[in-house]
1. Taking only C-alpha pairs under 8 Å that are 6+ residues apart, what is the relative contact order of the range 114-249 in percent?
2. What is the local net charge at Asn34, summed over the other residues whose Cβ is closer than 14 Å to its Cβ (Lys, Arg +1; Asp, Glu -1)?
3. Placing one identical point scatterer on every Cα of the range 85-226 and ignoring solvent, what is log10 I(q)/I(0) from the Debye formula at q = 0.17, 0.20 Å⁻¹?
4. Suppose the chain between Ile164 and Ile287 were pulled fully straight at 0.36 nm per residue; how much longer would it get relative to their current alpha carbon spacing?
5. Do the alpha carbons of any pairs in Lys52/Lys110; Lys110/Lys163; Lys52/Lys241; Lys75/Lys110; Lys178/Lys235; Lys45/Lys116 sit beyond 19 Å of each other, and which pairs?
6. Mind checking which aspartates and glutamates have their C-alpha under 20 Å from Lys120, skipping anything on the same chain fewer than 8 residues away?
7. Return a whole-number percent for the relative contact order of the range 216-279, with Cα pairs under 8 Å and 6 or more residues apart as the contact set.
8. Between Ile76 and Leu232, take the C-beta separation as r, use R0 = 25 Å, and let me know the FRET efficiency to the nearest 0.05.
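Rule-based calculations on the coordinates, nothing more; no lab input. Please read all numbers here as calculations on a predicted model, not as lab measurements. All Cβ positions, even for glycine, are placed from backbone atoms using ideal geometry, and neighbour counts span all protein chains on display.
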Amino acid sequence: MYHLIFVVKIKNNMRVCILGSGLSSLALAKSLVNQKIHVDVLYSKRGYEANKTRTIGISKSNVEFFNEKIINIEKIIYKLNKIEIYSDNLEKQKLINFGNNSDHLFSIVKNYKLQKILEKDLFNNKYFKITNYKKKINYSKDYDLVFNADYNHQITKKYFYKKIEKKYNSVAYTTIIKHNKISNKVAIQIFTKSGPLAFLPISEYETSVVYSINNNLKSNTEINNLIHNYNLKYKLKKIDKIYSFELSGLSLRSYFHKNILAFGDLLHRIHPLAGQGFNMTIRDIKILNDIIQNKIDLGLPLDSTLNSEFENNQKHKNFIFSSGIDLIHEFFNLERKNKNKFLSKTIQYFNKKPTISKIFTKIADEGLLF
Ligand SMILES: Cc1cc2nc3c(=O)[nH]c(=O)nc-3n(C[C@H](O)[C@H](O)[C@H](O)COP(=O)(O)OP(=O)(O)OC[C@H]3O[C@@H](n4cnc5c(N)ncnc54)[C@H](O)[C@@H]3O)c2cc1C
């Protein structure tokens, strides 16, 4: 008996548009062109952020996904194998330890380098176009799908204004410290009386600093002094220019309108204390990638059903994850206000239980495990 096998190759002429040209837009664009989908990125403002002190921590499993499905970033990342968390409330005693000294736990990358590597690759890709918003576009007719990652676009004001907002009453200060050569593979986070302060190594000579300070604005001299006071191990040579901006959080109530899906920090913006904002977006790209591949394999069009599938898959997970980060923020705020050590002591106790410590590490790496 003969079996005839027909291989049907469906030509993929799908065209999508991405609004905004930030990191979320570029990473999503690259994952889509890799799936041979035509992508137009439309922007109002472009260029690398003037702020070259911004860095992003990317978890191990997200780096692996980035390398495989988006673009190889091995050359621009700095791998870390441990995170130590301290609290002022316990007189700078260690609260939590993630990872050991040998495994890769997560990596730090400079935002502008990630942006540059993505742009360089995309600009040479035949599936990719980037233009300024100028011609009139009918978003529902001209494109199969639209991904909106632009906070200031009129579409955002029209369809994506219902959100749960969170005022942290905090300002983030970012800078890079230059120091003597040191084996620099451990990130440090200190829950100080003023707010969480992170030292995130980016080489043996440089470490990025993110200090989120509650309530009152500080001068650059005050920030400099605080960095000196809390610096546990670096022989400082120089503190670069300090940038500051107000922090706020949001979770969008509805992820899509017809064929338009909100994306990136427009969907969920969280406090930087756990370094998870962009990691959440990478997990979103992973899910989108799977949904799209499934549709392509079945010969189905990319239409608004993708948006509802994505929302059903991710909205509750993203909301629980963001709420978890807010809880950590509130928890240390409360402890700071009450000058109470009970909560920190409880965390310290649980962290000594290997199973619980492993669960924390896994959630930080892969997101919620369901
Ligand atoms: C100090 C700091 C440290 C961080 N560290 C990490 C980390 O270690 N790991 C990690 O995974 N993520 C981290 N993040 C989050 C990460 O930087 C963002 O998720 C990512 O840059 C968002 O890219 P985007 O393209 O979606 O937004 P972009 O288009 O680049 O916009 C940047 C931010 O500005 C906001 N924005 C734009 N316009 C406006 C406006 N008019 N009003 C108010 N807000 C506006 C956006 O919502 C977004 O939050 C950090 C964020 C901050 C603030």
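1. On the way: 165 pairs, mean separation 39.4, N = 136.
Relative contact order for the range 114-249 comes out at 29 percent.
2. Numbers: positive: Lys30, Lys36, Lys69, Lys126, Lys286; negative: Glu68, Asp121, Asp290.
Its environment carries a net charge of +2.
3. Results for the range 85-226 at q = 0.17, 0.20 Å⁻¹ read -1.12, -1.27.
4. Values: separation 123, 0.36 × 123 = 44.28 nm, distance 2.30 nm.
Between Ile164 and Ile287, full extension yields 42.0 nm more.
5. Working: Lys52/Lys110 7 Å; Lys110/Lys163 30 Å; Lys52/Lys241 9 Å; Lys75/Lys110 12 Å; Lys178/Lys235 9 Å; Lys45/Lys116 16 Å.
Exceeds cut-off: Lys110/Lys163.
6. By straight Cα distance, Lys120 reaches Asp40, Glu49, Glu68, Glu74.
7. Values: 33 pairs, mean separation 15.2, N = 64.
Normalised by residue count, the contact order of the range 216-279 is 24 percent.
8. 0.40
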